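Here's the structure, in structure tokens; my notes come after.
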Amino acid sequence: MQSKEGFTVRSELGIFRGRLSAKGRFSAEANGFRLRMKEEDGIVKAKLTSDPDRWAAAETKQRFRAASAEEAVPMVEAWLDSISELVVSSYADDAEFLETSHGRIAFYRYNTHLGTEPAIFVHGGPGGESNPANARRMKLDHPVYAYDQLGCGRSDPIPDIDSWTAADYAAELDEFIRSIGAPKVILIGASWGAGLIMSYIAGYGTGRVAALVLPSPFLNARTWEADQWANMHELDPRLEKKMRKLISVKNYGDEFRAGMAVYDAKYLFSRKAFAEYAQTAASEPAPPVAMKLLGPSDLVCEGTLRDFDTEPALAEIDVSTLFICGDSDEVRVSTLEKYRKAVKGARMAVVPCAGHVTSLEQWDAYSESIRAFLREYGL
């Protein structure tokens, strides 16, 4: 689009922001790539080159039938998105590392040339890992960062997992925020990621926070458990009875996993297209960090986080806040509504035909909810 601020091409490879020259030519850089566009006789020629210091020296070109570079923008954006995965995976590993008080954490950053508040994606789990592809795919008009918590992804193991707490993860997030050096950041965290963010708020306040986005939030272990059993009862009271009995004798074998597959097919992934994902999720053992902090099942919190509760910190939030959940989420809509009411001025989005992994099942609705929220509040 053309505006007073300039000309912008938004893609998964980067947010290319520049100005059209008097001759109708466009040139901009993002994430180690340079995009050039020029119009000649009704044809817009686009060329993408990569920085050999960050990627490998490479160049790709495409032509589009359009009367101007501005008219060609949607086509150029679609072209860049179509080659993004191949380009990024083929040429370089863009992980970076930060030494923290407890170990080295891996992180990814994109569009750092933009002058807006950085957005930090805080992954779920515990024991998950960041998704840098989705950080790019969101196409936010902000520098974006994603990092692997200690014990997760490519970060170092937790030095003493027996004594590790949510407060340690909050301190790690504080170190990461400070390393970026921005006055304020936008924090985006789903499920456990939302709980970690709220642990940070409880310990450090909102002084460095511009806005919060909290999809499917795990904020209180007991609230979480209550939601799971309410869901299970609605799904099948007989299955609920069986699962409670299996948990009471700590039988997490084949019969338990079969029950979880039924549950996950409704509340983790709600669409039939993702039935295979639900089967896989139920059959795979929890990662070591999740086993220690939560336990072997989503239904009961038996680990270090069994008394986890960040709900009181909701009253401390004084920044723009968005809550999101699927209409068939592990986090019940009534719970999300309770959280929305606890935060003055908070917004809430319920995504249809989606379970707990809303970003996978309904990416377009999920990502546009976040972009629209940030636009609404001038971020």
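The values are calculated or read from the model by the stated rules, or taken from the named source; none is laboratory data. If you're wondering where the values come from, they're calculated on a predicted model, not measured in any experiment. For neighbour counting, all protein chains shown are included, and Cβ atoms are generated from backbone atoms with ideal geometry for every residue, glycine included.
Screening TYR169, TYR110, TYR147 for residues that are farther than 21 Å from SER199 by Cα, of a type in the set (Ser, Thr, Tyr) and touching a helix residue (DSSP H, G or I) at 6+ places or on another chain (Cβ under 9 Å) leaves exactly one candidate, TYR110. Of note, ALA72 satisfies the criterion of being outside any strand (DSSP E or B), surrounded by 15 or more Cβ atoms within 10 Å (Cβ to Cβ) and outside the structural domain of ILE188 (by TED's automatic domain parsing).
Within the bounds of the stretch 262-277, is there any residue that is without any contact (Cβ under 8 Å) to a residue 40 or more places away in the chain, basic (Lys, Arg) and at negative phi? Yes, the stretch 262-277 contains at least one residue that is without any contact (Cβ under 8 Å) to a residue 40 or more places away in the chain, basic (Lys, Arg) and at negative phi. Would a scan of the stretch 176-184 turn up a residue that is touching a Cys at 6+ places or on another chain (Cβ under 7 Å), closer than 22 Å to PHE323 by Cα and either outside any loop (DSSP other than H, G, I, E, B) or not hydrophobic (A, V, I, L, M, F, W, C) (or both)? Within the stretch 176-184 (the criterion being touching a Cys at 6+ places or on another chain (Cβ under 7 Å), closer than 22 Å to PHE323 by Cα and either outside any loop (DSSP other than H, G, I, E, B) or not hydrophobic (A, V, I, L, M, F, W, C) (or both)), the answer is no, since none of the residues qualifies. Only one entry in ARG375, ARG371 is of a type in the set (Lys, Arg) and either touching a residue at least 12 places away in the same chain (Cβ under 8 Å) or outside the structural domain of VAL185 (by TED's automatic domain parsing) (or both), namely ARG371. When the stretch 115-145 is examined, which residues are found to be modelled with pLDDT under 95, over 14 Å from the mean Cα position of the chain (by Cα) and closer than 14 Å to ALA30 by Cβ? Hit for the stretch 115-145 is GLY115, nothing else.
To keep it simple, each residue is scored yes or no on (1) among the small types (Gly, Ala, Ser); (2) touching a Leu at 6+ places or on another chain (Cβ under 6 Å); (3) within 15 Å of THR100 (Cβ to Cβ).
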{"residue": "ALA166", "(1), (2), (3)": "yes, no, no"}
{"residue": "ARG178", "(1), (2), (3)": "no, no, yes"}
{"residue": "LYS184", "(1), (2), (3)": "no, no, no"}
{"residue": "LEU187", "(1), (2), (3)": "no, yes, no"}
{"residue": "TRP192", "(1), (2), (3)": "no, no, no"}
{"residue": "GLY195", "(1), (2), (3)": "yes, yes, no"}
{"residue": "TYR200", "(1), (2), (3)": "no, yes, yes"}
{"residue": "ALA221", "(1), (2), (3)": "yes, yes, no"}
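Checking PHE7, PHE33 one by one, the residue that is modelled with pLDDT under 90 and not assigned by TED's automatic domain parsing to the domain that holds LEU173 is PHE7 and no other. If you go through the stretch 143-175 and keep only what is among the acidic types (Asp, Glu) and assigned to a loop (DSSP other than H, G, I, E, B), you end up with ASP148, ASP156, ASP160.
Just one of (1) touching a Pro at 6+ places or on another chain (Cβ under 9 Å); (2) in a loop (DSSP other than H, G, I, E, B); (3) crowded, with 23+ Cβ neighbours inside 10 Å trips up PHE218, so point out which. For PHE218, the exception is condition (1).
Checked against (1) touching a Leu at 6+ places or on another chain (Cβ under 8 Å); (2) surrounded by fewer than 23 Cβ atoms within 10 Å (Cβ to Cβ), LEU173 passes all but a single condition, namely (2).
Look at LEU80 and say whether it is in a helix (DSSP H, G or I) and touching a Leu at 6+ places or on another chain (Cβ under 9 Å). Yes; evaluated as a whole, the condition is true for this residue. The condition (being among the acidic types (Asp, Glu), in contact (Cβ under 8 Å) with a residue 12 or more places away in the chain and out of contact with any His (no Cβ under 7 Å at 6 or more places or on another chain)) is satisfied by just one residue among GLU337, GLU311: GLU311.
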